[in-house]
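Quick one: the structure is below, and I'll ask about it shortly.
The values are calculated or read from the model by the stated rules, or taken from the named source; none is laboratory data. Quick caveat, the model's predicted, so the values are computed rather than measured. Note that we place each Cβ from the backbone using ideal geometry, even for glycine, and neighbour counts take in every protein chain shown. In case anyone asks, the SASA skips ligands and DNA or RNA and just uses the protein heavy atoms, side chains included. Shrake-Rupley method; radii C 1.70, N 1.55, O 1.52, S 1.80 Å.
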Amino acid sequence: MAEPQLRSWVVTHGGSESRDPENGPENDAPASRSSLTQRFRSTMSRRSGDLIGVGFVVAGAIAVLVPALLHGASLGPYESVRDSGILQTAAGRTLAFSDQVKAIIPWQALAWRQVHAGHLPLWNPYNGLGMPLAFNWQSAPFSLPVMLGYLVPLRFAYTVGMLAMLVTAGTGAYVFGRVLGFGVIGATCAGMVFELSGAMAGWLGYPHASVMSWAGWLFAATLLVVRGERRARSIAGFAVVFAAAIYAGQPEIIVLLALPLGLFVLMQLAAVARRVGNLMAVGRPLVDLAIASLIGAGLAAPFALPGTLAARDAVRKVHIGNSALSAHDLLYSVLPSYDGLPVPHSTAFGDSLFVTESSMFVGVVAIALAVVALVAYRRRLEIVALGVGLVCITTIAFSTYGAKFMTTLPVVGTVAWARLLLPIGFLIAMLAGAGADALATTTGARREWETAAVAFGIAAVGLLALFLIGRGDLPAHFASIRMRSFIWPAVETIASLMIVGAVIVGVRRNQGAARSWCSPTRAVCALVVLETAFLIASGAVLRGSSPTFFHTPPVVEQMQRAVGDGRVGFAYGGCAQTGVAPNTNIVYGIHELEAYDPMLAKATWRSPYVMTTRTTLLRGLYLYCPRFTSVTAAQLYGVDYLFSSVFNPQVKGTTLVAKLPFFRIYKVPGVSIATLTPLNGASRAPLFATGTPVSLTQPDPATWNMTVVAKAPSVLRMRIPNIAGMHATIDGKPLALRPYANVMLEASVPPGTHAIEFWYLPDSFKVGLGLAALSAVALGALVLGDTRRRRRRDALVLSAS
């Protein structure tokens, strides 16, 4: 079996092992040739066990996706695109995960196409007047899952990304377990429970899960920095992992993860100060963490800096509220389908409609093992710190007063604290791994196994009581759903009691030594397998797939032929009830003025048109749905075509160009993205002046080139958004830009023929590249200096021996 679990405690808390005051434990102390050989053999032995453990973790990540992949290699709830607009049908709707195909997948598909065309994925030209792509956070085009997707055909990219999230989460928890001193079984248990937990399963495919998948790696790197082991490498590891978590998008998850991580660090540093008897002893770990954080933030600056500045001027905010989860939701930890699931072939009722917000299943085995860990290791600082963090963030997530207090905090007060279920799942997984490790290494003592027996016994009584008196008075169909939700937890509990009972009986009959058939190691492996089976069965049903990436029905082909590269607006109707749902249109290459994006500019709502005509304004959902009832308004926004229901009148001045089932497409005359309007002696051109269309070319999605012939002083108007990062030149010289109708841009053009170029590239992106380069140099220097020092020391040791 793997190295003893208590080694971490001895190393960290000053046992008999020798310690280099500069670089940590005895691994860095001078050693003879024979000791180096022994260390090599020991390392190879540990690595063989780690290969097996990591192999199981990776296999678990694949296994949970297999049921969905059997129906199609493209993961995602593609059936949900059929719930609105011209694709609307009466069947195949998924209530829970539609944002994947209505936002995340289209954005990442656009990034994939732009990267394969040789462009940086900075701009989305298909929604609104154009939107930032790389810096809307949720597209995360520089995250590990998305970048791995660039290496495969587009139809497999999202599938590869989901698998990458699971593997990153599982291996990170495994590595953290090993850093804590767990054996292979305990670390494997931690990795499996975390990657397959309900919170990860619910958010899988979203940037939330992508950020959270780095939790284990971040905790492991933090602990190594605090310990001072291999100082330079630990700092470098923390910096790289921190940067990867930022690039993963969804910054609120980093804030949520910082809570338990901060408590973990504080308790570690408090123990160091107490042991040394000097508060100054914590100075070095704090400085190292600060350096690592700064370098990590610097590495992520090209993404984080422009994203942060763009969010400042956008409508981005939490839309689900900050209310605490209910005590009822705790049932989902062991009964994930107690209220049904909002997926095909199932029925949802109650809070489980929002499965991404309330999914938290970890299983009876994981909870029981966590209890064992807290009892067995009640004097071990790292485990206690994980337990304290779990209690604190659970209180915030499920307590009305806790959630209310967090909302009063500056800056982070708008974070959705209910999403603390993600770090809650991680902490339970790590404690479960500790419990599994405690049982696996307890061959003679029975206290840990008796604790496990009590925990499973309480679970059995609780499940039985809930089954008998807590199912409620429901209609027959709902009652059958709730009854079936007890099957897996009952199997888990009964089988676990049998396994634990066999070990206890075996130990007693053999005077402290269990028989081989019921040895603690085999019993723990059986518990881990049982837990894995429950998690896979619970999480697999949440995944959907399709044999094709996005099916293109005939009605969409008709729309594509009718509008081409023109910009489409909508007349009358409700938001997203006509055309193709916002962002889904990206996949089909259709430009729509509707937008569903957290980076919508605040100026959008101050446009004269938006303020004076009927517009569906759902700012909390980042949903922008202008309605055009006049040709003048359509020309103002550069709308080439108006899409309308057959039940609404034709907008006066438009021409019918296509008939679709229940819908019509009308051409708006005299429209161009760029128009030139003579000033005729005035200082400003009228707001609704039509102007002369100007032809332009686009060498890439974020660049507009044109040649303008002005016979008199004129104003050039561009139907692109007035946001930070827009630049222009005229004949190679900077061209001053000013707002047009608040949401667009215009510039004064002198008489003559001029070459004009517009492009989108935030200055903060350039600054971020410089900071990233400096951070990379600092990181390289730190690691290189440490490597050279170690090589010189090892050379001296070998020459002396």
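Just wondering, is there one or more residues in region 429-445 that are part of a helix (DSSP H, G or I) and open to solvent by 10 Å² or more (accessible area, probe 1.4 Å)?
no
I'm trying to understand the selection: among the residues of region 620-672, which are among the polar types (S, T, N, Q) and either assigned to a helix (DSSP H, G or I) or under 27 Å from Ala314 (Cα atoms) (or both)?
Selection gives Thr629, Thr632, Gln635, Ser672.
Every residue in region 285-315 that is in contact with a Lys or Arg (Cβ under 9 Å, 6 or more places away or on another chain) and farther than 30 Å from Pro721 by Cα, please.
Across region 285-315, the qualifying residues are Pro285, Asp288.
Turning to a different aspect of this structure: If you check Pro713, Pro693, which single one turns out to be under 44 Å from the mean Cα position of the chain (by Cα), at pLDDT below 95 and open to solvent by 40 Å² or more (accessible area, probe 1.4 Å)?
Of Pro713, Pro693, the one residue that is under 44 Å from the mean Cα position of the chain (by Cα), at pLDDT below 95 and open to solvent by 40 Å² or more (accessible area, probe 1.4 Å) is Pro693.
May I ask you to verify whether Phe456 is touching a residue at least 40 places away in the same chain (Cβ under 8 Å), hydrophobic (A, V, I, L, M, F, W, C) and at negative phi?
In short, yes.
Taking Gly363 as the residue in question, decide whether it is buried (at least 23 other Cβ atoms within 10 Å of the Cβ), within 20 Å of the chain's Cα centre (by Cα) and either at pLDDT 90 or above or of a type in the set (Lys, Arg) (or both).
Criteria not met by Gly363.
Further question: Just name the residue that is farthest from Ala297 (Cα to Cα) out of those in region 742-801 that are among the hydroxyl-bearing types (Ser, Thr, Tyr), open to solvent by 60 Å² or more (accessible area, probe 1.4 Å) and not in a helix (DSSP H, G or I).
Checking each candidate, the answer is Thr753.
Would you say Ala460 is aliphatic (A, V, I, L, M), part of a helix (DSSP H, G or I) and farther than 24 Å from Ser538 by Cα?
Here the answer is no, as Ala460 does not meet what is asked.
Listed here are the residues, each with its yes/no results for (1) surrounded by 24 or more Cβ atoms within 10 Å (Cβ to Cβ); (2) under 15 Å from the mean Cα position of the chain (by Cα); (3) at pLDDT below 95.
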residue: Cys189; (1), (2), (3): yes, no, no
residue: Trp214; (1), (2), (3): yes, yes, no
residue: Ala220; (1), (2), (3): no, no, no
residue: Val240; (1), (2), (3): no, no, no
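Let me ask something additional. Could you list, in sequence order, the residues of region 44-79 that are assigned to a helix (DSSP H, G or I), modelled with pLDDT under 90 and either open to solvent by less than 30 Å² (accessible area, probe 1.4 Å) or within 30 Å of Pro553 (Cα to Cα) (or both)?
Matches in region 44-79: Gly49, Tyr78, Glu79.
Could you name every one of the helices (runs of 4 or more DSSP H) located completely within region 475-587 that has at least 3 residues being within 30 Å of Asp597 (Cβ to Cβ) and either open to solvent by less than 30 Å² (accessible area, probe 1.4 Å) or modelled with pLDDT under 85 (or both)?
Those helices (runs of 4 or more DSSP H) span 554-563, 584-587.
Please verify whether Arg155 is out of contact with any helix residue (DSSP H, G or I) (no Cβ under 7 Å at 6 or more places or on another chain), assigned to a helix (DSSP H, G or I), surrounded by fewer than 23 Cβ atoms within 10 Å (Cβ to Cβ) and not hydrophobic (A, V, I, L, M, F, W, C), treating the condition exactly as stated.
yes
Mind listing just one residue for me: the one in region 605-627 that is of a type in the set (Val, Ile, Thr) and open to solvent by 20 Å² or more (accessible area, probe 1.4 Å) and, of those, modelled with the lowest pLDDT?
Thr612
If we keep just the residues of region 318-337 that are modelled with pLDDT under 85 and of a type in the set (Val, Ile, Thr), which is least open to solvent (accessible area, probe 1.4 Å)?
Within region 318-337, the match that is least open to solvent (accessible area, probe 1.4 Å) is Val318.
While we're on this one: Looking at Ala755, Ala728, which one is at pLDDT 95 or above and closer than 25 Å to Ala314 by Cβ?
Ala728
Separate question: Scan region 303-314 and give yes if some residue there is of a type in the set (A, V, I, L, M, F, W, C), open to solvent by less than 20 Å² (accessible area, probe 1.4 Å), under 20 Å from Ile253 (Cβ atoms) and modelled with pLDDT under 90, otherwise no.
yes
Let me ask you something else. If you check Thr168 against the conditions, is it under 30 Å from Gln114 (Cβ atoms), touching a residue at least 40 places away in the same chain (Cβ under 8 Å) and buried (at least 24 other Cβ atoms within 10 Å of the Cβ)?
Spelling it out, Thr168 is indeed under 30 Å from Gln114 (Cβ atoms), touching a residue at least 40 places away in the same chain (Cβ under 8 Å) and buried (at least 24 other Cβ atoms within 10 Å of the Cβ).
Regarding Gly149, is this residue farther than 22 Å from Ser358 by Cβ, open to solvent by less than 30 Å² (accessible area, probe 1.4 Å) and over 20 Å from the mean Cα position of the chain (by Cα)?
Taking the combined requirement at face value, the residue does not satisfy it.
Related question: So Thr729 fits all but one of (1) loosely packed, with under 13 Cβ neighbours inside 10 Å; (2) assigned to a strand (DSSP E or B); (3) without any contact (Cβ under 8 Å) to a residue 40 or more places away in the chain; (4) not hydrophobic (A, V, I, L, M, F, W, C); what number is the exception?
For Thr729, the failing item is (1).
Check region 689-703 and report whether any residue there is in contact (Cβ under 8 Å) with a residue 60 or more places away in the chain and within 25 Å of Pro626 (Cα to Cα).
yes
Can you find even one residue in region 596-603 that is under 17 Å from Phe570 (Cα atoms), open to solvent by 30 Å² or more (accessible area, probe 1.4 Å) and at pLDDT 85 or above?
yes
Next question, about the same structure. Take the residues in region 447-498 that are more than 13 Å from Tyr338 (Cα to Cα) and of a type in the set (Val, Ile, Thr); name whichever of them is farthest from the chain's Cα centre (by Cα).
Only one residue tops the list, namely Ile469.
Would you confirm, using the coordinates I've provided, whether Ala232 is within 20 Å of the chain's Cα centre (by Cα) and small (Gly, Ala, Ser)?
no
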